[in-house]
Amino acid sequence: MHMNRPPPTRLRHLTAAGLALWLLASTAQADDWPQWRGPTRLGVWAETGIVDQFPDAGLKVAWRVPIRPGFAGPVVAGGRVFVLDYQETPGSRTMDGAERLLCLDEETGELLWTQEWPATYRNLNVRFATGPRATPSVDGDRVYVVGAAGMILCLDTASGSVVWQVDTVAAYGTTVPVYGISTSPLIDGDRLIAIVGGEPDAFIVAFDKSTGDEIWRALPLVSETGYAAPMIYEAGGVRQLMLWHPRGVTSLNPENGAVYWEHEWPIGGMTVATPVSSGPYLMVTHFFRGSLMLRLDQDRPAARELWRGQSRSELPGETDGLHALITTPLIIGDYVYGVGSYGELRCLDARTGERVWETTELVGQERWGTAFFVQLGGRVFVAAETGELILARLTPEGYTELDRTQLIDPATRTRGGATGRWGDRGVVWAHPAFANRHIVLRNDQEIVRISLAAADYD
């Protein structure tokens, strides 16, 4: 175990309701990336002093550290980087092994500590039994992780010691879905909120974040749990916990788990992309069934359907709306931008679902073409599955690529999963962290920290 230096002061994450104030307050401040999709969980980066274009010689690498495989993205908080990986036990015929959390020094990449726990992937689809899926969440001096096989742990950020843990399979009768438990935990006040998939009435559970004791549970398990992360949005005068699951969309009171409203859209287990909201819109999207757009009532907690996709095909030329799998779309004003089946980047009219434009220039026409969007002012950083970082503008008038550069090898091999064929191309399917004017990203071999600070390229 390595001794740690005292962590510097960082900006704590805020809820979605505080986004506007946070953006105004962060004009000259470097920020952490403590959870899934950033400080606000909205895929927004508010730092200043970031490059406008990439140097011809490439971006500067602060450090590279070898790691084991995994799909879970890194997080950055308090001067530390946290990332999950997995190692199958040599000779195991039942895919037994150990998941592991690594803690690295943010500035140097020095390994500060590791903590691991046994995990069996015997119930996972063999082609995707690569490693943990869920991005950790950091809150103060605690880091929370969810393993692909159902283990939830709270660890001390300084030492890596386990504060509490819950084996959801043993405690709640969780059936691990075929692609593993993938939903990143959500910290809300004193609660850790996690998709558990417990029977009969623990689809989602709120735990005391200090002790691991259950505070509330909600919703019956009547189908697969799906893979989409829970989100909290403010609408109708209240904070609403939005869940997208194989039966549709449900809004809960995050304080007690009471149901505000439900909208049925039974589509099966491949609910992956995070439900996204902006203004009155709430959108979910599915690889095979397209998109569902709801309009949130601004006076009370309620929603009505604006439109839904009609296509049941994934094939180019046969889809409508947006057929996204992993990529969470953006809603900017009255327009939606997202990557759907076969790498098609599309702009939709949020009010009607009509397609405004599309292009395959971003990631190429691959079956499950994936790209992660992060907004910075009027620009969008796109981390593509090719291992490239792309700087672009997305407007109703079209896609404008400002620059792109290669950051990391697309080394993740999903045993045939990227297109369904064995001996498949490599991909990067882990969401990066944008923190303190750097990007931190990983594949199945390494984690790397790279500067995006304009001052480093003067």
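Readers should treat all values here as calculations from the given coordinates under stated rules, not as data from a laboratory. Every value quoted in this text rests on a predicted model; they were computed, and no experiment measured them. We place every Cβ from the backbone using ideal geometry, glycine too, and count neighbours over all the protein chains shown.
Relative contact order, percent, of the chain when contacts are C-alpha pairs under 8 Å separated by at least 6 residues? Reported relative contact order: 13 percent.
Counting neighbouring Cβ atoms within 10 Å and putting the fewest first, the residues V162, V427, V65 line up as V162, V65, V427. Taking max minus min of the alpha-carbon positions on each principal axis, the range 284-377 gives extents of 43, 35, 21 Å, largest first. Convex hull of alpha carbon positions in the range 314-458: directionally averaged projected area 9.0 nm².
Taken over the range 64-201, the convex hull of the Cα atoms encloses 106 Å³ per residue. Measuring spread by the Cα atoms of the range 144-234 yields a radius of gyration and Dmax of 12.5, 40 Å.
What does the charge count near T250 come to, summing +1 for each Lys or Arg and -1 for each Asp or Glu among other residues with Cβ under 13 Å from its Cβ? For residues surrounding T250, the net value is -1. Cβ crowding within 10 Å ranks R346, R295 as R295, R346, fewest other Cβ atoms first.
As an equivalent ellipsoid, the range 188-300 spans semi-axes of 22, 18, 11 angstrom, where each value is the square root of five times an eigenvalue of the C-alpha gyration tensor, largest first.
Using the empirical formula 2.2 N^0.38 Å as the baseline, the Cα radius of gyration of the chain reaches a ratio of 0.91.
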